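Undergrad: Sharing a structure with you now.
The values are calculated or read from the model by the stated rules, or taken from the named source; none is laboratory data. Bear in mind the structure is a predicted one, so any value in this text is a computation, not a measurement. Only protein heavy atoms, including side chains, enter the accessible area calculation; ligands, DNA and RNA are left aside. Shrake-Rupley method; radii C 1.70, N 1.55, O 1.52, S 1.80 Å.
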Amino acid sequence: AGTSLMLEGNRLVQIQACRFTRAAHVACFLRNSVNATITGVIVTDSRSGIQAHEGCQFVTIQGCVVDYTLTANLYANYLIRGASYCTISGCVSRGNREGLHIHDVVGLNTEGNVLQGNSVYGAQAYGIIFDGEAPRGNSVIGGSVRDISGSPGHGVSLSPNAGRSLVSSVFVHGCAVGLSNEGGDSLVIGNHLLGNTIPLLTAGGMALGNLV
């Protein structure tokens, strides 16, 4: 199927301990959903794993695994797009083009989202990326990113428009670029950027106490 599970306009919904395999588009897609909780979901070899889109607020994605072993790396395993105050925590991402992606869209608010304690392995282009029109006030706290060695091969990437972002206490290893901070007023602090070809690129924002 194109999308295995699509939820629109839902409140207080819970999705627990489901398994999705080889969805042609998205395994689990949410839009205009508030206070939704997704826990213990396992996604295998789907074009994209779990996505929260416009109108979503206070969505919690916790303890999920998205594993992509196919060769066509084109999409993100986890995507927050035009959604606010969502949390992805304690999740695992393997393979695909991007592990965790926060993307802002013109006319929508993509702010206050938190990525905490996640483990990202072997994505082709980006382990974690914030980009789009103007994502504001989003955070990466803890967790690890490993072996992002394709092109451009960024472990964590903040685009120039990613304002007031925070990246703290993340372990990044085996990437072409450990952490790229182009966000003008973003802060990257206390990260362990070891074993990367280029540990840290800063074209804006502040970098404090990072181990390189």
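Undergrad: Between 31, 19, 164, where does the largest GNM mean-square fluctuation fall for the chain, given springs only between Cα atoms within less than 10 Å?
TA: Highest fluctuation among the options: 19.
Undergrad: Convert each backbone phi in the stretch 16-33 into a coupling constant with the Karplus relation 6.51 cos²θ - 1.76 cosθ + 1.60 (shift: θ = phi - 60°), then list the ³J(HN,Hα) values in order as whole Hz, x for Gly and Pro.
TA: The phi angles translate into 9, 6, 9, 10, 10, 9, 6, 5, 5, 10, 10, 6, 9, 10, 10, 8, 6, 10 Hz.
Undergrad: Run through every distinct alpha carbon pair of the chain and return the Kirkwood hydrodynamic radius in angstroms, one decimal place.
TA: Details: mean 1/r = 0.0607 Å⁻¹.
Mean inverse Cα-Cα distance, inverted, gives 16.5 Å.
Undergrad: Accessible surface of residue 182 in the full protein assembly, 1.4 angstrom probe, to the nearest 10 Å²?
TA: Here the accessible area works out near 80 Å².
Undergrad: Compactness ratio of the stretch 163-212: Cα Rg over 2.2 N^0.38 Å, N = residue count? Write down the numbers at each step before the final one.
TA: Details: Rg = 9.8 Å, N = 50, 2.2 N^0.38 = 9.7 Å.
In units of the 2.2 N^0.38 Å rule of thumb, it is 1.01.
Undergrad: What percent antiparallel are the DSSP beta bridges of the chain, to the nearest 5? Mind showing how you got there, number by number?
TA: On the way: 0 of 85 bridges.
Counting only bridges with both partners in the chain, antiparallel ones make up about 0 percent.
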